[in-house]
Amino acid sequence: MDFITFVLQFILAFGLSFQLPLIMYALTGSGLIDPKFWRNNIRYAIIGMVILGAAITPDGSGVTMWFVAGPMIGLYLIGMAISEKQAKKIATLKS
């Protein structure tokens, strides 16, 4: 039973983390957050993702932590690029 609980928590955590670019795109597109916000706060985001990776992984090794944090950092960078591209597109449409 503990294994099933662990697997479900792991799947939920990864499922939410893989929605990161979509959430970033939606927040930027709605105008709630400026695209520069993502670039200015990348250090805090990386620290948060590494901490989350350490909390999610079942063992204490740093390798598995980075296997979790690495894709999340990549997804953050993808979301940041998409948000900046969207902001440029909106700026050209307004002018």
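Could you give the distance between the Cα centres of region 73-87 and region 10-41, to the whole Å?
8 Å
What nm distance separates the two modelled labels at A55 and A91, each placed 7 Å from Cα along Cα→Cβ?
The answer from the label model is 3.5 nm.
For the chain, what is the charge dipole size about the Cα centre, in debye to the nearest 20, if Lys and Arg each add +1 at the Cβ and Asp and Glu each add -1 at the Cβ?
640 debye
Once the piece of chain linking T5 and N40 is laid out straight, how much longer is it, given 0.36 nm per residue of separation minus the C-alpha distance between them?
Result: 8.9 nm gained on full extension.
Add -39500 (n - 2.57) for each DSSP H run of 4 or more in the chain, then divide by its residues: what number comes out at 222 nm, to the nearest 500 deg cm²/dmol?
Helices in the chain give a 222 nm mean residue ellipticity of -28000 deg cm²/dmol.
With the dipole of the chain worked out from charges on the C-beta (+1 for Lys and Arg, -1 for Asp and Glu) around the Cα centre, which of I11, L93, P21 lies farthest toward the positive end?
Projecting each Cα onto the dipole axis, the largest value belongs to L93.
Please compute the contact order of the chain in relative form: average sequence separation of alpha-carbon pairs under 8 Å and at least six residues apart, divided by the residue count, as a percent.
Value for the chain: 40 percent.
Read the figures in this text as sums done on the coordinates, not as results from a lab. Bear in mind that the values here come from a model prediction, so they are computed numbers and not experimental data. FYI the Cβ positions are ideal-geometry reconstructions off the backbone, even for glycines, and counts take in every protein chain you see.
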